[in-house]
Structure formats: structure tokens, C-alpha cells
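Notes to accompany the following structure.
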Amino acid sequence: MPAALHGTVALVTGASSGIGEATALSLASEGASVALAARRRDRLEALAKRIEEAGGRALVLEADVTEEAQAGEIVRRTVGELGRLDTLVNNAGVMLLGPIEGAPTEEWRRMVQLNLLGLFYCTHAALPHLLEAASDGPRNVADVVNVSSVAGRVARLGTGVYNATKWGVVAFSESLRQEVTERHVRVTIVEPGAVLTELATHLRPEILELQAQTFKHVEMLRAEDIADAVAYAVTRPRRVALNEILVRPTEQVR
């Protein structure tokens, strides 16, 4: 029996580590050819080698998706070199927490540019190809998966701008869903709670220490747990759309 995604192509942003890396491996194991997009080429090349050694097909795309032209180019190359585009996973993101008062506003710009604009640019460029794949592909359905966060549901002290970007992802995703769902492009929001990845390493030292204290008694999720959720969503039958998946560590209260 062929793998669920045999004959399809997926593009994963932020694929050089963490959730993106795990998701690329998971989709490849389901039979998809996978385009790997991120800024760290060496990490992408190592990941592509792992996929190819397991019998899969991977395309390395070094890019900064906050630049609209580069976002468009990774979509163009994916379709040009792998032949089509069935699944877009918008995973690239950054989490820079801290009080609003006295915040370094450059952190705000970085989050808006990557968490929102990068996701918007990739989706805009990919949408014509996803609609085409849904109309005549091997599965007659296509998927956009936007990785948001529990922060897209619950606003907390010290996370205001990060919350704003992730709430924006949720709003954008729901509007897009209403626009394309009747044409069999499914839109899924995956909202991780606390995950053990590199994401927290971008925090200022004092904020990182606060985060460590908050979650010191919590067994954190692994990137593979979120990749499982993504793979589950995109391998459902054409009639099934999972529009929102919230995944928290069992011990995480909020």
C-alpha cells in the first residue's frame, strides 16, 4: 500500500531545526517530496541527506522568507524542481518575550516580519499552486498548515507582541480557510504549548531564566510531537479538515 502522501510535494519553512526539521522528516516518511526552506544551508543539507538516505527526495532552499521576493522564489523553485506543490507548512517563526514597557522594539519588528509577513508572503505565493494541486492531484486536496502557538489563544503578562503576532496568524488562517475551503484547500492551525526547541534560545538572558522557572516542573513537548500533529492533519481523507489543533504538555496549565 503506498504511503499516504506518495506523489505529493510539501514545502516546509523554518526546516533547519526543531518543529520544521521534524515535520519535514515526518512528511517525507509519508511519501512526500519535501522542499526545505530556512537560512542555515548547512543544516538543510544535513537534513536533506537524512531524507535521501531513507529513500526520499528533498530540495534545499536557503532563504529569508521575510523578503517577499525570496518567499516567492522558494515557491517557484519548489514547483519548478519538484513538479507541483500540495502542502505548505508555515513553520518559520521567532519568540521574543518580555514586558512591553521599555522593550527593544527591534524585537517587535523581527516578530512581525517573520511570524506574520513571512507567513503571508509564502502563503500568497503558494496559493495558486495549492489550488491547482487540489483540482487534479493524486489526492485532490491540498493543505496549508500554519504553526501558531498557545499564545495565539491566551494573552499573558510579558508576551504581548508575541501574542499579537500569533493571534494574527489565527485570524489570517480562518479568513483564508473560508476563502478556499470549498475548493479543497484545507487550512490547519497547529498551536503548540511549551516545546523543547531552539526557539527559547533567542530570548534575552533574564527572560530565558523566567521561562525556565515557569516550566521547570513541566515535561516539555518534543518537536516530533508537533510533527505528528501536522502529519495527521495533512493525511486525513479529502472530506476531513482539521482546522485547529492545540497541543500542550500534559502538565502545562495555561
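At a Förster radius of 41 Å, what calculated FRET efficiency corresponds to the Cβ-Cβ distance of residue 218 and residue 124, to the nearest 0.05? The formula returns an efficiency of 0.65 here.
So what's the angle, to the nearest 10 degrees on a 0 to 90 scale, between helix 223-234 and the longest Cα principal axis of the chain? It is inclined by approximately 40 degrees.
Rounded to whole numbers, the Karplus 3J(HN,Hα) couplings from phi for region 64-71 are 10, 6, 6, 8, 4, 5, 6, 4 Hz, using 6.51 cos²θ - 1.76 cosθ + 1.60 with θ = phi - 60°, and x at Gly and Pro. Semi-axis lengths, largest first, of the ellipsoid equivalent to region 9-247 are 28, 19, 17 Å, with √(5λ) applied to each eigenvalue of the Cα gyration tensor.
The slack between residue 232 and residue 64, meaning 0.36 nm per residue of separation minus the straight C-alpha distance, is 57.7 nm. Each Cα pair under 8 Å and six or more residues apart adds its separation to the average, and for the chain the resulting relative contact order is 19 percent.
Rg/Rh, computed from the Cα trace of region 28-160 with Rh as the Kirkwood radius, has the value 1.03.
The mean sequence distance of close C-alpha pairs (under 8 Å, at least 6 residues apart), as a share of the length of region 1-87, puts its relative contact order at 30 percent. The angle separating the long axis of helix 18-29 from the principal Cα axis of greatest extent in the chain is about 20 degrees. Region 193-245 and region 19-49 have Cα centres separated by 18 Å. Taking other C-beta atoms within 10 Å as the exposure proxy, 166, 49, 216 rank 216, 49, 166 from fewest upward.
Axis of helix 160-180 versus longest Cα principal axis of the chain: the two differ by about 20°, to the nearest ten degrees. Give me the one-decimal nm value for the distance between modelled label points at residue 136 and residue 76, 7 Å along each residue's Cα-to-Cβ direction. Each label point lies 7 Å from its Cα, and together they span 2.3 nm. Rg/Rh for region 106-254 to two decimals, with Rh computed the Kirkwood way over all alpha-carbon pairs. Rg/Rh for region 106-254 comes to 1.00. For region 189-254, the pair-distance distribution built from all alpha carbon pairs, in bins 10 Å wide starting at 0, is 19, 43, 26, 10, 2 percent. Distance between the modelled labels on residue 101 and residue 210, one decimal in nanometres: 1.2 nm (7 Å Cα→Cβ projection). Among 148, 135, the ranking by other beta carbons within 10 Å of each residue's beta carbon, starting with the fewest, stands as 135, 148.
Only the coordinates and a few stated rules stand behind these numbers; no lab work does. These numbers come from a predicted model, not from an experiment. Positions of Cβ are generated from backbone atoms using ideal geometry, with glycine treated the same way; all protein chains shown enter the neighbour counts.
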